[in-house]
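The values are calculated or read from the model by the stated rules, or taken from the named source; none is laboratory data. Note that this is a predicted model, so its numbers are computed, not measured. Every residue, glycine among them, receives a Cβ derived from its backbone with ideal geometry; neighbour counts consider all protein chains shown.
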């Protein structure tokens with residue numbers, strides 16, 4: 001399906017400010033944990049160059065038409081969750097350099113993410129990734145060193161409705177089992193296996209997970225299949241909910257508990273920068289799952305948030321909030337050329353969204369490392 005390309009901007013948030021919308025309002029109770037979603041992992045400073053017509057050529061200088069800077073790594077998903085109104089807790093190491101200070105303030109004060117379980121490491125510089133976006137793809141160069149272990153072992157994950165983990169081939173994370181034992185719903189993604197083994201045994205932590213959300217290539221390699229849908233069905237034998245993203249083809253999911261499957265086509269947009277789109281998809285799907293939405297609605301919502309994100313700079317900088325989503329839906333309904341199927345597919349938003357409070361198109365976020373406050 002094709003829809004008008006939005007120009008999202010991000011509503012300003014300050015420490016202690018209430019989100020525009022709480023998607024879990026109808027399911028909350030006094031007995032609920034204070035944290036909706038817990039995450040842990042490395043935070044990078046992302047520097048993103050966009051507007052490149054092709055890959056840089058050796059021995060030449062290439063000028064990019066656009067540039068953005070923002071916290072990256074696990075910060076992409078943490079920001080996406082927070083902008084959707086979920087109470088997000090992040091445990092990460094931050095360098096004591098200016099990059100680390102900028103990332104900490106952006107996440108804590110700018111996005112309202114709880115960093116009480118995070119730490120600043122003296123003498124350790126922040127990891128950095130430079131991402132170059134062209135031809136709808138991206139090439140990245142990263143530099144950094146693993147943070148030294150804390151002097152005292154970290155506390156166990158806090159009680160939380162859900163946790164999101166990035167599975168690392170060949171490594172099990174003790175905290176995942178602890179969190180699952182406390183009743184947290186665990187959702188997992190996985191990175192590329194540089195070893196080339198693609199050994200299903202490396203996914204041992206799936207035994208503690210409710211949902212697994214790899215992309216098509218990863219899913220097919222781990223399941224030894226040649227079809228994303230077959231891969232999803234195979235993964236559903238290992239985890240209750242398997243979701244496989246298929247790029248321009250959309251996403252396919254199998255719920256082994258109910259026997260239900262769903263497929264939603266992708267939204268056709270002009271991509272400025274795909275950095276962090278997968279993280280935004282996971283955040284959208286987790287939000288819908290915790291809110292109790294039907295499976296197809298969760299897939300559609302996740303795909304929509306990812307589609308909005310690729311039309312902006314960077315990972316965390318591009319994650320949409322409810323204001324952007326509401327403005328997009330209001331704008332789409334005003335076009336007479338939208339297919340009835342498209343309008344029906346996203347009609348569930350009518351019962352969720354706040355009224356769009358800003359005219360279309362929205363101004364873009366300022367993609368800089370940050371200006372000094374006067």
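Which residue is modelled with the lowest pLDDT, if the candidates are limited to the stretch 34-68 and must be closer than 16 Å to residue 144 by Cβ and surrounded by 22 or more Cβ atoms within 10 Å (Cβ to Cβ)? Filtering first and then ranking leaves 46.
Of the set (1) modelled with pLDDT under 85; (2) surrounded by 11 or more Cβ atoms within 10 Å (Cβ to Cβ); (3) within 30 Å of residue 47 (Cβ to Cβ), all apply to residue 150 but (2).
The set of residues in the stretch 153-165 being assigned to a loop (DSSP other than H, G, I, E, B), surrounded by 11 or more Cβ atoms within 10 Å (Cβ to Cβ) and either in contact with a helix residue (DSSP H, G or I) (Cβ under 7 Å, 6 or more places away or on another chain) or modelled with pLDDT under 85 (or both) consists of 154, 156, 157.
Of the residues making up the stretch 70-97, those that are in a loop (DSSP other than H, G, I, E, B) and touching a strand residue (DSSP E or B) at 6+ places or on another chain (Cβ under 8 Å) are 86, 87, 92, 96. Cβ-Cβ contacts under 9 Å between residues 6 or more apart (or on different chains), taken from a first residue in the stretch 220-249 that is at positive phi to a second residue that is surrounded by fewer than 19 Cβ atoms within 10 Å (Cβ to Cβ) and part of a loop (DSSP other than H, G, I, E, B), are listed as 224/198; 247/266. Among the residues of the stretch 273-280, is any touching a strand residue (DSSP E or B) at 6+ places or on another chain (Cβ under 7 Å), in a helix (DSSP H, G or I), touching a residue at least 60 places away in the same chain (Cβ under 8 Å) and within 15 Å of residue 213 (Cα to Cα)? Yes, the conditions are met somewhere in the stretch 273-280.
For residue 67, the test of being over 15 Å from residue 277 (Cα atoms) and touching a strand residue (DSSP E or B) at 6+ places or on another chain (Cβ under 7 Å) is passed.
For residue 273, are the conditions met, namely being buried (at least 18 other Cβ atoms within 10 Å of the Cβ) and under 30 Å from residue 69 (Cα atoms)? I'd like the intermediate steps shown before the answer.
On the way: buried (at least 18 other Cβ atoms within 10 Å of the Cβ): yes; under 30 Å from residue 69 (Cα atoms): yes.
Yes, satisfied.
Of these, 242, 232, which one is modelled with pLDDT of 95 or more, touching a strand residue (DSSP E or B) at 6+ places or on another chain (Cβ under 6 Å), buried (at least 18 other Cβ atoms within 10 Å of the Cβ) and in a helix (DSSP H, G or I)? Quick ask: steps written out before the conclusion?
On the way: 242 fails: in a helix (DSSP H, G or I).
After applying the criteria, what remains is 232.
Taken over the stretch 202-216, residues that are farther than 24 Å from residue 247 by Cα and without any contact (Cβ under 8 Å) to a residue 40 or more places away in the chain amount to 4.
For the stretch 104-128, residues that are modelled with pLDDT of 95 or more, within 18 Å of the chain's Cα centre (by Cα) and either surrounded by fewer than 16 Cβ atoms within 10 Å (Cβ to Cβ) or within 17 Å of residue 48 (Cα to Cα) (or both) total 0. Looking only at the stretch 330-350, which residues are at pLDDT 90 or above and part of a loop (DSSP other than H, G, I, E, B)? Selection gives 346 alone.
Quick check on my filter: what residues within the stretch 166-196 are in contact (Cβ under 8 Å) with a residue 60 or more places away in the chain and part of a strand (DSSP E or B)? Step through it out loud before you land on a result.
Going residue by residue through the stretch 166-196, those that are in contact (Cβ under 8 Å) with a residue 60 or more places away in the chain are 166, 175, 179, 184-185, 187, 189.
166, 185, 187, 189 - these are the residues of the stretch 166-196 that are in contact (Cβ under 8 Å) with a residue 60 or more places away in the chain and part of a strand (DSSP E or B).
When residue 139 is tested against the conditions (1) touching a residue at least 24 places away in the same chain (Cβ under 8 Å); (2) surrounded by 15 or more Cβ atoms within 10 Å (Cβ to Cβ); (3) touching a strand residue (DSSP E or B) at 6+ places or on another chain (Cβ under 6 Å), the lone failure is (2). Within the stretch 351-359, is there a residue that is assigned to a helix (DSSP H, G or I), modelled with pLDDT of 60 or more and either crowded, with 19+ Cβ neighbours inside 10 Å or more than 24 Å from the chain's Cα centre (by Cα) (or both)? No - not one qualifying residue is present in the stretch 351-359. Taking (1) farther than 30 Å from residue 30 by Cα; (2) in contact with a strand residue (DSSP E or B) (Cβ under 9 Å, 6 or more places away or on another chain) in turn, residue 224 satisfies each apart from (2). For the stretch 290-329, taking the residues that are out of contact with any helix residue (DSSP H, G or I) (no Cβ under 6 Å at 6 or more places or on another chain), in a helix (DSSP H, G or I) and at pLDDT 95 or above, the one that is surrounded by the most Cβ atoms within 10 Å (Cβ to Cβ) is identified as 299.
If a residue must be at positive phi and touching a helix residue (DSSP H, G or I) at 6+ places or on another chain (Cβ under 8 Å), how many such residues does the stretch 166-207 contain?
Kept after step one, since they are at positive phi, are these residues of the stretch 166-207: 170, 183, 196, 198.
Narrowing further to those that are touching a helix residue (DSSP H, G or I) at 6+ places or on another chain (Cβ under 8 Å): 170, 198.
Result for the stretch 166-207: 2.
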